[in-house]
Amino acid sequence: MQCMEKILGVIAEFNPLHLGHEYFLKEAKRQTGASHIVALMSGDFVQRGEPAITDMHIRAEMALNHGADLVLELPAQWAAASAETFALGSVGLLSALGAVDMLAFGSEEGNLSELNYIAGILSEEPDEYKQVLKNLLSTGKSYPAARAAALSHYALSRGRKDEEAQFIKELISKSNNILAIEYLKALKKLSSPIKPFTLKREGSPYDSTDLNDSFPSALSIRAVFSAPMKKAAIQGNLDNTAPAHSPFCENASSTLASIGKALPSTVLKSLSSACDNYFPIVPDDFSALLRYRLTVADGDSLNKVQGMTPHLAKRILKKRWNYTCFTAFSEDLKSKDSTLSAVKRSLLHLILGFQGDAIPETPPYARILGFKASTAPPLLKRIKKAASIPLISRAAAAKDILDPVSLALYEDSLRSALIYEGVSAGKFNRVFRHEYQRPIVIVP
């Protein structure tokens, strides 16, 4: 049995797991000297406000085959939330396990010192920084641009050189850095004993669609499925038909063959097997559900949706009769005040029935999605002994171990998984599987 020395936590979507993820897990474990990896993974919906390309059980198996010893689910209310809520919920859950020593995350520069410097300013919010930010926002600048400029100004006022201040301004504009800073803020806010570690992102930027890089982005992999699937998905909704060998799978199989070098061989095999029944799921597969929600919505109900702003609610009501599909409507709604990701999250919350913003800072439970039989037993034993939140190993058992408030949150997240499964089962004309029927994923 492997000796437990240092437990490394990672927060990921694995949507899907690709060569960059494989490299990150291997290299982070090597550089930190960790004995085990706990992967906290988004469930069936992700932070951009979209469904995952395949379900959480399949993606958990991918993670276990490529470095993780234990995979836990980040509940949907936190997984499909703003970067700040996503990070705070994730760090809080890992901290509550009482067994995670380090948190590893990627960043564009791999510069933990500068990321920590920015996180400190954003956590403390000095008066000078807040005033500059307020002034810049009043000129019409977007919040991200105003924040970057205010941080740069504050750094200069505290003796940083011009080039250092410019570097900070550029650093805060990059996606992985932004999330890394939110993780660091969360560690500070929660006074977590977990130590941060960052690894420089290798390969394509997160928003690149270039599949020719040695480490292509998950976005580039997903993008090749969305375009050919869109027409077929819409046609399937109109015809209400699903042939025995559906066009979804024909397109997915040929596309998988064309991007095989971008994925680890086991992931390619897993997705190839799943494409007859469970893969790929794309945002526009939820178009019919969203159309229904928009049709019956009114101002009061929209303003109760988690993350919804009054401005966005008004735009939705104004534009809903021009609706065609999830992605097109999201693009039509984005504005200076509402980024595309924020719009998609609000629309997704409308679909899932998430109301109000009064969720706890951190999830009050941890659900096991899967573990590695050869390495996880001592890790699970340590967590069960040290955790300050319940550990759910069987979906149906939650009602016996959670208090009423926690159970309500759990059931909301569980319902989101059932909605995802309903869309998937309908798309591929297969039998619906309830989460109660899904066993923990166990790999050797």
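The values are calculated or read from the model by the stated rules, or taken from the named source; none is laboratory data. This structure is a prediction, so every number in the text was calculated from the model and none was measured. Cβ placement follows ideal geometry from the backbone for every residue including glycine, while neighbour counts extend to all protein chains displayed.
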query = When you scan the stretch 280-337, how many residues do you find that are assigned to a helix (DSSP H, G or I), of a type in the set (Phe, Trp, Tyr) and either surrounded by 15 or more Cβ atoms within 10 Å (Cβ to Cβ) or in contact with a strand residue (DSSP E or B) (Cβ under 9 Å, 6 or more places away or on another chain) (or both)?
reply = 3
request  = Report yes if some residue within the stretch 325-345 is modelled with pLDDT of 95 or more, of a type in the set (Val, Ile, Thr) and under 20 Å from Ala83 (Cα atoms); otherwise report no.
outcome  = yes
ask   = For the subset of the stretch 261-274 comprising residues that are surrounded by 13 or more Cβ atoms within 10 Å (Cβ to Cβ) and of a type outside the set (A, V, I, L, M), which member is farthest from His57 (Cα to Cα)?
value = Pro264
message = Taking the criterion of being in a loop (DSSP other than H, G, I, E, B) and either among the charged types (D, E, K, R) or touching a Pro at 6+ places or on another chain (Cβ under 8 Å) (or both), would at least one residue in the stretch 117-139 satisfy it?
response = yes
query = Looking at the stretch 407-434, which of its residues are surrounded by 19 or more Cβ atoms within 10 Å (Cβ to Cβ) and either more than 18 Å from Glu50 (Cβ to Cβ) or not assigned by TED's automatic domain parsing to the domain that holds Phe45 (or both)?
reply = Leu409, Tyr410, Leu414, Phe428
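What number of residues within the stretch 383-406 are in a helix (DSSP H, G or I) and surrounded by fewer than 17 Cβ atoms within 10 Å (Cβ to Cβ)? Steps first, answer last, please.
Restricting attention to the stretch 383-406, the residues satisfying the condition of being in a helix (DSSP H, G or I) are 383-386, 395-401, 404-406.
Those still in the list that are surrounded by fewer than 17 Cβ atoms within 10 Å (Cβ to Cβ) too: 384-386, 396-397, 399-401, 404-405.
So the answer is 10.
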request  = Considering only the stretch 257-279, state which residues are in a loop (DSSP other than H, G, I, E, B) and β-branched (Val, Ile, Thr).
outcome  = Ile259
ask   = How many residues, within the stretch 419-444, are over 21 Å from Ile351 (Cβ atoms), assigned to a helix (DSSP H, G or I) and without any contact (Cβ under 8 Å) to a residue 40 or more places away in the chain?
value = 1
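May I ask you to list the residues in the stretch 98-116 that are assigned to a loop (DSSP other than H, G, I, E, B) and charged (D, E, K, R)?
Applying the first criterion (assigned to a loop (DSSP other than H, G, I, E, B)) to the stretch 98-116 yields 98-101, 108-111.
Listed by number, the residues that qualify are Asp101, Glu108, Glu109.
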ask   = Is there any pair with a first residue in the stretch 81-92 that is assigned by TED's automatic domain parsing to the domain that holds Pro364 and of a type in the set (D, E, K, R) and a second that is surrounded by fewer than 24 Cβ atoms within 10 Å (Cβ to Cβ) and in a helix (DSSP H, G or I) whose Cβ atoms are under 6 Å apart and which are 6 or more apart or on different chains, and what are they?
value = Glu84/Glu182
note = Here the residues within the stretch 332-374 that are within 27 Å of Val282 (Cα to Cα) and of a type in the set (Lys, Arg) are Lys334, Lys336, Lys344, Arg345, Arg367
query = From the residues in the stretch 89-114 that are polar (S, T, N, Q) and under 14 Å from Lys188 (Cα atoms), which one is nearest to the chain's Cα centre (by Cα)?
reply = Ser90
note = Filtering the stretch 1-46 down to residues that are outside any helix (DSSP H, G or I) and of a type in the set (S, T, N, Q) yields Gln2, Asn15, Ser35, Ser42
Test for Pro404: is it more than 23 Å from the chain's Cα centre (by Cα) and without any contact (Cβ under 8 Å) to a residue 24 or more places away in the chain = yes
ask   = Among Ser374, Ser416, which is polar (S, T, N, Q), assigned to a helix (DSSP H, G or I) and within 27 Å of Asp69 (Cβ to Cβ)?
value = Ser416
